[in-house]
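As structure tokens, the structure follows; a few thoughts come after it.
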Amino acid sequence: MPDSARSRLARAFLARPGRGQLIVAALLAMLGFAAAVQIRFTNTDADFSGQRRQDLVALLDSLSSASDRAESRIDELEQTRTELLTASERRRAAIEEARSRLEVLSVLTGTVAVTGPGITVSVSDPAGSVTAASLLNGVEELRDAGAESIEINDRARVVAATWFTEVGGRIVVDGVTLRAPYVIDAIGSPHTLSEAMIFPGGFADEVKELGGTASIDEADVVRITSLHEAEQPEYSQPTDR
Amino acid sequence: MIAVVGLLLGIVAGLFLEPSVPEPLQPYLPIAVVAALDAVFGGLRAYLDGIFDDKVFVISFVSNVFIASLIVYLGDQLGVGGQLSTGVIVVLGIRIFSNVAAIRRHVFHA
């Protein structure tokens, strides 16, 4: 009898409400009321007043363990930050050190233009008798007196590897042929340098003996602009002692 | 017909009166609602089977709500309220499913 259930359902809607139906209606009203109240309550239960103590304890536990995890993560990250800061500071110090070394070495090898107090020695040579050796003597005297940078005739920078020679009566320094008058610029303590030039039997006297003159000017600012090309050493290898 | 009207009336009253749930009843109300739902679906199934009886429905409704609340109360006293209310919900859920399946068979022949 498949249709009997449907017909009963239809009859229930059409039939005159009896006592039984009223009771059922009352119970269903209570159910609907309670359900609606509970749904409202669940949706508005922002504080945890409706929760069981057990659930609250579990909630608290999970929250505190989560905050523990977050704190240990914070510690980790702060440590990483400190490490990175230290590393970058060390790197900055290393760069600073390297830069100052570079400065010293560029001055020593003559790869940069330099300026500073010093002297200018002008050597006139009307007789053409000033030799490369006597010029070299003058340079050595300047070095002894602490000259940091030396150049000749604004063309030849004098460094550790500089060589002096004569080709056809002309002085050649590092492959640069020089003509008189020779002008030697040297940077260092001006007074000490000029003393080194004019002491008895020194460079000035030597030039005088050869028939020329050497005049020395002290200056607060001497510019040395010629450069020496530094070459990669071919045979020497840096090594630990 | 009047039963459906009663249900709607109850829902509307619950929504508009906005009563607050008394503190001691708070853990039991959801369980009671689910138990009552079970009784209602059982009654509907019985009606479609042609064996519905007012008295049986009222008694099953009230006893369902009462026993479900009692079990949860006992569980709370024993310290296993959370687990026990979960168990009650599961059992009632299974019953609701089987009742709804019977109702579906009656109404849709499937």
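The values are calculated or read from the model by the stated rules, or taken from the named source; none is laboratory data. Everything quoted here is computed from the prediction, not taken from an experiment. With ideal geometry, Cβ positions are generated from the backbone for all residues, glycine too; neighbour counts draw on all protein chains shown. We work out accessible area using only protein heavy atoms, side chains counted, and drop any ligands, DNA or RNA first. Shrake-Rupley method; radii C 1.70, N 1.55, O 1.52, S 1.80 Å.
Scan segment A:168-176 and tell me whether some residue there is without any contact (Cβ under 8 Å) to a residue 60 or more places away in the chain, among the acidic types (Asp, Glu) and on the phi > 0 side of the Ramachandran plot.
Scanning segment A:168-176, I find at least one residue that is without any contact (Cβ under 8 Å) to a residue 60 or more places away in the chain, among the acidic types (Asp, Glu) and on the phi > 0 side of the Ramachandran plot, so the answer is yes.
Picking from residues in segment A:108-164 that are under 33 Å from the mean Cα position of the chain (by Cα) and small (Gly, Ala, Ser), the one that is surrounded by the most Cβ atoms within 10 Å (Cβ to Cβ) is A:110.
Of the listed requirements (1) facing another protein chain (nearest Cβ under 9 Å); (2) over 30 Å from residue B:83 (Cβ atoms); (3) among the small types (Gly, Ala, Ser), residue B:46 misses just one: (1). Only one of the numbered conditions (1) open to solvent by 20 Å² or more (accessible area, probe 1.4 Å); (2) touching a helix residue (DSSP H, G or I) at 6+ places or on another chain (Cβ under 8 Å) is violated by residue A:172, and that is (1).
Listed conditions (1) farther than 23 Å from residue A:113 by Cα; (2) small (Gly, Ala, Ser); (3) part of a loop (DSSP other than H, G, I, E, B); (4) within 44 Å of the chain's Cα centre (by Cα) are all met by residue A:196, apart from (3).
Applying the set (1) within 14 Å of residue A:157 (Cα to Cα); (2) in the same structural domain as residue A:150 (by TED's automatic domain parsing) to residue A:229 leaves exactly one unmet item: (2). In segment A:52-67, is there at least one residue being within 14 Å of another protein chain (Cβ to nearest Cβ), over 30 Å from residue A:181 (Cβ atoms) and assigned to a loop (DSSP other than H, G, I, E, B)? Yes, that holds for at least one residue. Among the residues making up segment A:218-241, those that are surrounded by 14 or more Cβ atoms within 10 Å (Cβ to Cβ) and part of a strand (DSSP E or B) are A:218, A:219, A:222, A:223, A:224. In segment B:6-23, the residues that are farther than 16 Å from residue A:28 by Cβ reach residues that are open to solvent by 50 Å² or more (accessible area, probe 1.4 Å) with C-beta atoms within less than 8 angstrom, at least six apart or across chains, in these pairs: B:18/A:40; B:23/A:49. Criterion applied to A:93, A:66, A:87 was being within 30 Å of residue A:149 (Cβ to Cβ) and either modelled with pLDDT of 90 or more or surrounded by 10 or more Cβ atoms within 10 Å (Cβ to Cβ) (or both), and the one residue passing it is A:93. Consider segment A:21-43 and keep the residues that are more than 7 Å from chain B (Cβ to nearest Cβ) and among the polar types (S, T, N, Q). The one that is surrounded by the most Cβ atoms within 10 Å (Cβ to Cβ) is A:42. All told, residue B:75 falls short of being touching a Phe, Trp or Tyr at 6+ places or on another chain (Cβ under 7 Å) and either facing another protein chain (nearest Cβ under 8 Å) or more than 22 Å from residue A:40 (Cβ to Cβ) (or both).
When you scan segment A:192-204, do you find a residue that is in contact with a helix residue (DSSP H, G or I) (Cβ under 7 Å, 6 or more places away or on another chain) and open to solvent by 20 Å² or more (accessible area, probe 1.4 Å), even just one? Show your work before the answer.
Our first condition is that a residue be in contact with a helix residue (DSSP H, G or I) (Cβ under 7 Å, 6 or more places away or on another chain); within segment A:192-204, this holds for A:193, A:196-198, A:202-204.
If we keep only those that are open to solvent by 20 Å² or more (accessible area, probe 1.4 Å) as well, we get A:198.
Within segment A:192-204 (the criterion being in contact with a helix residue (DSSP H, G or I) (Cβ under 7 Å, 6 or more places away or on another chain) and open to solvent by 20 Å² or more (accessible area, probe 1.4 Å)), the answer is yes, since at least one residue qualifies.
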